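The values are calculated or read from the model by the stated rules, or taken from the named source; none is laboratory data. This structure is a prediction, so every number in the text was calculated from the model and none was measured. Cβ placement follows ideal geometry from the backbone for every residue including glycine, while neighbour counts extend to all protein chains displayed. For accessibility, only protein heavy atoms count, side chains too; no ligands or nucleic acids. Shrake-Rupley method; radii C 1.70, N 1.55, O 1.52, S 1.80 Å.
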Amino acid sequence: MNLKLSPTDALLLVDLQNDFLEGGSLAVTGTETILAAAVDYLKLFVNQELTVIASRDWHPPDHCSFAEQGGPWPSHCVAGSHGARFSDQLTLPAEVHIVSKASSAEEEAYSAFQGTDLADYARRQGISRFYICGLATEYCVLYTVKDAISQGFTVVVLEDGIRAVDLQPGDGERALAVMEQQGAIRATRGDLQS
Ligand SMILES: [Zn+2]
């Protein structure tokens, strides 16, 4: 595959926040390589002055997804905390568009489109195709990809820039298969012209 980037392309970094990375409260294991890949994709898009968007979980301290509220996850990505910050390895451009999600106590949002201005923002910027990487494959990446497609955007999933939790072995692979069934293009760094 040979994908040539154009001004209608945007890079969407999904939830590359400290709590989901090594040492975080809800860390996905083995994220070093995908973080390095994300850094590389970011450079590629910034060098070509293309749109970069970063989504983040941005929860209140009593968020419904936290175990102490009866939810499935340990406390993570509390708005304003160190854990909620993007990785220091990512040098986000000043013009980056940040999308904060699940920022009220009763609302859970795996998708970066859910309850955010992402679709409107992208349309205003003339974006028609998203290149998506980040965490985690079968949760926020999957739901973001599905919503992007249902909103009429073309999606390229950057397979070397995503990582699964795999609570059940194979969850990540199954999620990728679903994305592909729904029309997402699977690609890695070698498929993109630099
Ligand atoms: Zn969350």
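Determine the calculated [θ] at 222 nm for the chain from helices alone, applying -39500 (n - 2.57) to every DSSP H run no shorter than 4 residues and normalising by the residue count; nearest 500 deg cm²/dmol.
On the way: 4 runs with 43 residues, N = 194.
That comes out to -6500 deg cm²/dmol.
Mind checking the full-extension length gain between Glu32 and Arg123? Use 0.36 nm per residue of separation minus the Cα-Cα distance, one decimal, nm. Display every interim value, and only then the final one.
Working: separation 91, 0.36 × 91 = 32.76 nm, distance 3.24 nm.
Stretched out fully, the Glu32 to Arg123 stretch lengthens by 29.5 nm.
Given +1 on the Cβ of Lys and Arg, -1 on the Cβ of Asp and Glu, and no further charges, what dipole in debye does the range 3-193 carry about its Cα centre, rounded to the nearest 20?
Details: 13 positive and 26 negative charges, 123 e Å.
About 600 debye.
For the chain, compute Rg over Rh where Rg is the Cα radius of gyration and Rh is the Kirkwood radius from the inverse mean 1/r over Cα pairs. Let's see the in-between values first.
Details: Rg = 15.5 Å, Rh = 16.5 Å.
The Rg/Rh ratio comes out at 0.94.
How much net charge surrounds Lys43 when only other residues with a Cβ under 14 Å from its Cβ are counted (Lys, Arg +1; Asp, Glu -1)? The partial results should precede the final answer.
Working: positive: Arg189; negative: Asp40, Glu49.
Summing Lys and Arg as +1 and Asp and Glu as -1 gives -1.
Over the range 1-109, what is the relative contact order in whole percent, taking alpha-carbon pairs under 8 Å and six or more residues apart?
Working: 191 pairs, mean separation 34.4, N = 109.
It comes to 32 percent, rounded to a whole number.
Would you mind working out the accessible area per residue for the chain, using a 1.4 Å probe, and quoting it in Å²?
Working: 8590 Å² over 194 residues.
Per-residue value: 44 Å².
Quantify, in whole percent, the carbon and sulfur part of the accessible surface of the chain (1.4 Å probe; protein heavy atoms only). Don't skip to the answer; put the middle values down first.
On the way: 4110 of 8590 Å².
Its accessible area is 48 percent carbon and sulfur atoms.
Please figure out what share of the DSSP beta bridges in the chain is antiparallel and state it in percent, rounded to the nearest 5.
Details: 1 of 29 bridges.
Of all bridge pairs located within the chain, approximately 5 percent are antiparallel.
Provide the net charge surrounding Leu21, with neighbours chosen by a C-beta distance below 14 Å and charges set as Lys +1, Arg +1, Asp -1, Glu -1. Don't skip to the end; give the middle numbers.
Numbers: positive: Arg56, Arg85, Arg163; negative: Asp15, Asp19, Glu22, Glu32, Asp57, Asp88.
Summing Lys/Arg as +1 and Asp/Glu as -1 gives -3.
Count the net charge of all other residues whose Cβ sits under 14 Å from the Cβ of Thr116, scoring Lys and Arg as +1 and Asp and Glu as -1. Walk me through the numbers on the way to the answer.
Numbers: positive: Arg56, Lys101, Arg123, Arg124; negative: Asp15, Asp57, Glu107, Glu108, Asp117, Asp120, Asp147.
For residues surrounding Thr116, the net value is -3.
For a label point 7 Å from the Cα of Glu49 along Cα→C-beta, name the residues of the range 1-31 whose backbone N is under 15 Å from it.
Correct set: 6-9.
Can you compute the charge dipole magnitude of the range 1-74 about its Cα centre, using +1 on each Lys and Arg Cβ and -1 on each Asp and Glu Cβ, nothing else charged? Give it in debye, rounded to the nearest 20. Walk me through the numbers on the way to the answer.
Working: 3 positive and 10 negative charges, 62 e Å.
Here the range 1-74 has a charge dipole of around 300 debye.
Can you tell me the mean projection area, over all orientations, of the convex hull of the range 59-107's alpha carbons? Units nm², please. Please report the intermediate quantities before stating the final value.
Numbers: hull surface 15.5 nm².
The directionally averaged projection comes out at 3.9 nm².
Identify, among Ser55, Gly134, Val157, the residue whose Cα sits farthest towards the positive end of the charge dipole of the chain, taking +1 on the Cβ of Lys and Arg and -1 on the Cβ of Asp and Glu, with the dipole about the Cα centre.
Val157
With springs only between Cα atoms under 10 Å, which of Leu90, Leu42, Leu142 fluctuates most in a Gaussian network model of the chain?
Maximum fluctuation in the GNM of the chain, among the listed residues, is at Leu90.
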